[in-house]
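Heads up, the thing below is written out as structure tokens.
The values are calculated or read from the model by the stated rules, or taken from the named source; none is laboratory data. Just so it is clear, the structure is predicted and the values come from calculations on it, not from any experiment. A quick note on method: Cβ atoms are made from the backbone with ideal geometry, for glycine too, and the neighbour counts reach across all protein chains shown.
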Amino acid sequence: MLVLGIETSCDETSVALVEDNVIVENLVYSQIEIHKVFGGVVPEIAAREHLKKLPILFVELLEKTNLRVEEIDGIAVTKGPGLIGALLVGVSFAKGLALRYNKPLVGVNHIEGHVFANYLVYPELKPPFIVLMVSGGHTLILKVERGEGFTMIGRSVDDAVGEAFDKIARLLGLGYPGGPEIDKIAKFGNPSAFHFPRPKLQDNDYDFSFSGLKTAVLYELQRLKKNLSGESEKLSDKIVADLAASAQEAMIDVLVYKVTKAARAHGIGKIVIAGGVAANSRLRERLKETSEFEFFLPPLNLCSDNAAMIARAGIELLKKGHTDDLKLEPEPNFFEMIKPNTLENT
């Protein structure tokens with residue numbers, strides 16, 4: 001089955017063609033340079049950029065693959081969660097193609113798309129498995145027992161881990177996006193230099209909280225700056241690297257502890273990592289140190305938002321007979337998209 005994927009949930013515009021587990025082509029246009037000056041994604045600008053770039057990328061995709069739309073078996077598009085304006089661009093474009101070429105249309109949950117990125121490199125992957133979803137918008141622990149759907153057993157009660165990375169990077173005077181910047185500078189720091197809290201580490205659940213860690217970094221910065229001898233002086237690069245490494249280690253300690261605790265409690269030996277923060281080099285190192293479980297991590301180019309993962313999830317849905325009509329509407333809120341019975345009391 002050859003499926004066209006379309007992804008416009010946030011600040012990446014992407015189109016892809018995927019045939020079963022093989023990526024025929026995956027084009028991604030990132031808006032990072034545009035939003036960098038604002039220190040975060042500006043929703044209206046993101047939507048306008050999608051509107052400009054999506055038709056151009058689609059034409060480029062057909063030219064690079066030498067394929068015609070008539071040869072495609074279906075169209076999969078991110079329906080949410082994400083920025084409503086950005087989602088509308090992708091969904092509207094997909095509906096137009098489906099109508100023009102009379103192709104099956106299916107809306108894909110963006111979170112499930114990230115999970116299916118792993119199927120593109122691990123075709124042998126089969127449920128049951130536990131998912132650690134880590135991104136700028138979500139930090140979730142999911143349980144997948146069958147080939148369809150999931151049960152959410154843990155989530156962040158405030159900032160997602162990627163959001164915490166961005167905020168801490170801003171406090172440290174680093175660039176945007178914060179995750180890659182902290183990952184880079186932390187390699188030169190001592191992760192034990194500062195003891196930051198590990199929020200909810202010992203709580204009897206699988207939830208996360210990172211806002212308190214961000215506040216702890218702020219207070220430590222204020223304390224350190226009071227010791228500077230002159231107003232024009234700033235913290236040394238070594239101290240900033242130590243702060244970055246220590247904050248990163250605190251977050252990763254919690255992530256690794258919670259997801260392995262969840263897998264152990266549910267008697268599941270496979271753990272799938274998904275989302276943009278899955279590209280963090282220290283997280284990947286720590287997971288490899290844990291021999292009790294089998295970990296599945298997507299390659300770096302499939303960690304961030306991309307249309308190949310949406311197409312792969314769409315293939316799964318279309319093979320099972322799931323389709324949407326032209327009434328398909330985007331849903332920006334993840335928790336509005338999931339059914340009550342997919343929440344597990346812990």
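Considering only residues that are among the charged types (D, E, K, R) and at pLDDT 95 or above, look in the stretch 18-44 and name the one that is farthest from LEU105 (Cα to Cα).
GLU44
Consider LYS36 carefully, then state whether it is touching a helix residue (DSSP H, G or I) at 6+ places or on another chain (Cβ under 9 Å), closer than 27 Å to PHE165 by Cα and among the basic types (Lys, Arg). The answer is no for LYS36. Number of residues in the stretch 145-187 that are touching a strand residue (DSSP E or B) at 6+ places or on another chain (Cβ under 8 Å) and free of Cβ contacts under 8 Å to residues at least 40 places away in the same chain: the value is 1.
One line per residue, one yes/no per condition, for (1) touching a Gly at 6+ places or on another chain (Cβ under 8 Å); (2) more than 30 Å from LEU224 (Cβ to Cβ):
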residue: ARG100; (1), (2): no, yes
residue: LEU105; (1), (2): yes, yes
residue: PHE116; (1), (2): no, yes
residue: LEU120; (1), (2): no, yes
residue: GLY136; (1), (2): yes, no
residue: ARG146; (1), (2): no, yes
residue: THR151; (1), (2): no, yes
residue: ASP159; (1), (2): no, no
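Scanning the stretch 1-35 for residues that are under 15 Å from GLY74 (Cβ atoms) and surrounded by fewer than 22 Cβ atoms within 10 Å (Cβ to Cβ) yields MET1, LEU2, GLU19, ASP20, VAL24. On the basis of being at pLDDT below 95, at negative phi and not hydroxyl-bearing (Ser, Thr, Tyr), does VAL15 make the cut? In short, no. Restricting the stretch 172-208 to residues that are surrounded by fewer than 18 Cβ atoms within 10 Å (Cβ to Cβ) and closer than 28 Å to HIS35 by Cβ leaves a set whose member that is modelled with the lowest pLDDT is GLY175.
Just so you know, in the stretch 223-249 the residues that are aliphatic (A, V, I, L, M) and assigned to a helix (DSSP H, G or I) include one that is nearest to MET152 (Cα to Cα), and it is ALA247. Among the numbered conditions (1) over 21 Å from LEU142 (Cα atoms); (2) at pLDDT 95 or above, the only one that MET309 does not meet is (1).
When you check LYS53 against the structure, is it surrounded by fewer than 16 Cβ atoms within 10 Å (Cβ to Cβ), in the same structural domain as ALA308 (by TED's automatic domain parsing) and basic (Lys, Arg), yes or no? The answer is no for LYS53.
Taking the stretch 233-272, which residues are β-branched (Val, Ile, Thr), touching a Phe, Trp or Tyr at 6+ places or on another chain (Cβ under 7 Å) and farther than 22 Å from ASP203 by Cβ? The answer is VAL272, and nothing else.
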